[in-house]
Amino acid sequence: MSDLSNTQLEVLRVLWDHGALKPGEIQEHFSWPIENATLRSVLRKLCESGHVQRHKQGRAYVYRAATSHRALLSRMVRRMAQVFSGGSSAEFISQLIETEKLSPDEIAELRRIADTRIEPQRPQRKRKRRS
C-alpha cells in the first residue's frame, strides 16, 4: 500500500514517538532487533526520499521525521481506499468496521468521532435575481 517498507515505517514511528534521535537511540526503541548497518541503510533511503532529515550534532548525526504522521496516514488511507473500495473513504471505513472485531467501547468512540465531524446544515441563502 505504501512506497515504504515495514522497517521504514517503524523508523518513522520511533521518530514520531520520540522526536529527533541518534541511530543507536532509534535502535533501542525499535519493536524488533535490527542490525546497525541495516538501520543506517534504511535511514539513508528515508533521507533520500525526504521522509527523514538529519543534522550533525557533535560527531554523530541526529535524525528527525520530515513527513508528519497525519500526512503519511492520509496518503496511505487514500491509497487503500482506492484499492479496496474504488476510492471511497466512507466505503473503506465501513469495510474496516465490518471486518474488525471492535469492542462496544471502540464502537462508541467511533460514533462519538463521527458525531463531532458532522457539521450542522446551514440554511441556504436566497439569491437575488438580477433583471
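Values quoted throughout were computed directly from the atomic coordinates according to the rules given, and no laboratory measurement underlies them. Since this is a predicted model, take the numbers as computed values, not measurements.
³J(HN,Hα) across region 46-55 via Karplus (A = 6.51, B = -1.76, C = 1.60, θ = phi - 60°), whole Hz, x for Gly/Pro?
So the J values, rounded to whole Hz, are 5, 5, 4, 7, x, 7, 10, 10, 9, 9.
Which whole-Hz couplings ³J(HN,Hα) result when phi for each residue of region 79-91 is put into the Karplus expression 6.51 cos²θ - 1.76 cosθ + 1.60, θ = phi - 60°, listed in order with x for Gly and Pro?
5, 5, 4, 4, 6, 9, 8, x, x, 7, 5, 4, 5
Give the span of the chain's Cα atoms along each principal axis, as three whole-Å numbers ordered largest to smallest.
73, 47, 27
Nearest 10 degrees, 0 to 90: what angle lies between the long axis of helix 6-18 and the longest principal axis of the chain (Cα atoms)?
80
Return the Rg/Rh ratio of region 69-117 with Cα-based radii and a Kirkwood Rh.
Ratio value, two decimals: 1.01.
Quick query: amide H of Ala66 versus all other amide H atoms, modeled in the peptide plane; which residues come in under 5 Å with a sequence gap of 5 or more or a different chain?
Val52, Gln53
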